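The block underneath contains the structure these notes are about, expressed in structure tokens.
The values are calculated or read from the model by the stated rules, or taken from the named source; none is laboratory data. Predicted model, so just to flag it, every value in this text is computed and none were measured. Note that each Cβ is placed from the backbone with ideal geometry, even for glycine, and that neighbours are counted across all protein chains shown.
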Amino acid sequence: MNQTLLQAAALIIPLIIAIVFHEVAHGWTALALGDPTAQEQRRLSLNPLRHVDPMGTIALPGFLALTGLPIFGWAKPVPVNRWRLNDPRRGMMVVAAAGPGTNLVLAAVGALLLGLLVRFAGNAEGAGLTFAAMNLNNFITINVFLALFNLLPIPPFDGSHIVEGLLPRAAAAQYERFRPYGFPLLIVLLLVVPYFFPQWGVVRRLVLPPVIWATDYYYALAQFVAGA
């Protein structure tokens, strides 16, 4: 039981940190580009209580993990008013990219810390070291997964805002009409399709291959820092 609790904690802690920094990055970037909405609503804090959605951040990911289904979740979105940005079209692209970009930077920080832990802890044993290593390993994987998962061009993911900004204005307007149907489509693609047709899973076929590829490079960085 204690081992199960440790594993759960080593998953929840990195997940919350990754999601909180992801959301705050959106808010800080929006503020830098002219939109103070997140600041006005006190959402630029790193206090998890301001960002964590009990259902989307903890309950749903935990349930999906226990049932073996693709894990996804959400936090309370940081409010961004595109019309208060200095350049709404380009600004939304940058704001959207800030979240995944921050997660990739955090994964690099996790790799550096993991390398330092191995370098200086050596072959030492202990519950604290084991728990720290579990957290850092999960921290790397979760941040890479969260970054690439959010780049899917499906509303309300960040990738949809980036695609919208890249499209010609007429095509972007048509794409914008698709946004209200994004979340139901997401449920179908991530839960219904994999359940009935496991070989067609979006996460398995589109997200996991680049996640594994990128994670290998982060672990190579950790090994370099460790001197291995």
| field | segment 158-181, residues that are under 19 Å from Pro100 (Cα atoms) and either aromatic (Phe, Trp, Tyr) or surrounded by 15 or more Cβ atoms within 10 Å (Cβ to Cβ) (or both) | value | Asp158, Gly159, Ser160, His161, Ile162, Val163, Glu164, Gly165
| task | Please go through segment 153-174 and pick out each residue that is in a helix (DSSP H, G or I) and either farther than 15 Å from Pro88 by Cβ or polar (S, T, N, Q) (or both). | result | Asp158, Gly159, Ser160, Val163, Ala170, Ala171, Gln174
| request: Could you tell me whether any residue of segment 45-61 is closer than 14 Å to Ile142 by Cβ, modelled with pLDDT under 75, among the aliphatic types (A, V, I, L, M) and surrounded by 13 or more Cβ atoms within 10 Å (Cβ to Cβ)? | output: yes
| query | Which of the residues belonging to segment 138-159 are of a type outside the set (A, V, I, L, M, F, W, C) and in contact (Cβ under 8 Å) with a residue 24 or more places away in the chain? | reply | Asn138, Thr141, Asn143, Asn150, Pro155, Pro156, Asp158, Gly159
| If you check every pair at least six apart or on different chains, which have Cβ atoms under 7 Å apart with a residue in segment 98-110 that is on the phi > 0 side of the Ramachandran plot and part of a helix (DSSP H, G or I) first and a residue that is of a type outside the set (Gly, Ala, Ser) and modelled with pLDDT under 95 second? | none
| said: Which condition from (1) touching a Pro at 6+ places or on another chain (Cβ under 6 Å); (2) part of a loop (DSSP other than H, G, I, E, B) is the one that Ala147 breaks? | reply: (2)
| said: Restricting to segment 164-209, name every residue that is of a type in the set (Phe, Trp, Tyr) and more than 18 Å from the chain's Cα centre (by Cα). | reply: Tyr175, Phe178, Tyr181, Tyr195, Phe196, Phe197, Trp200
| query | Name the residues in segment 119-135 that are part of a helix (DSSP H, G or I) and over 16 Å from Val225 (Cβ atoms), would you? | reply | Ala127, Gly128, Leu129, Thr130, Phe131, Met134, Asn135
| task | Within segment 2-33, work out how many residues are among the small types (Gly, Ala, Ser), surrounded by fewer than 20 Cβ atoms within 10 Å (Cβ to Cβ) and either in contact with a Phe, Trp or Tyr (Cβ under 9 Å, 6 or more places away or on another chain) or in contact (Cβ under 8 Å) with a residue 24 or more places away in the chain (or both). | result | 2
| Going by the structure shown, is Leu116 closer than 30 Å to Ala228 by Cα and either touching a residue at least 60 places away in the same chain (Cβ under 8 Å) or not hydrophobic (A, V, I, L, M, F, W, C) (or both)? | yes
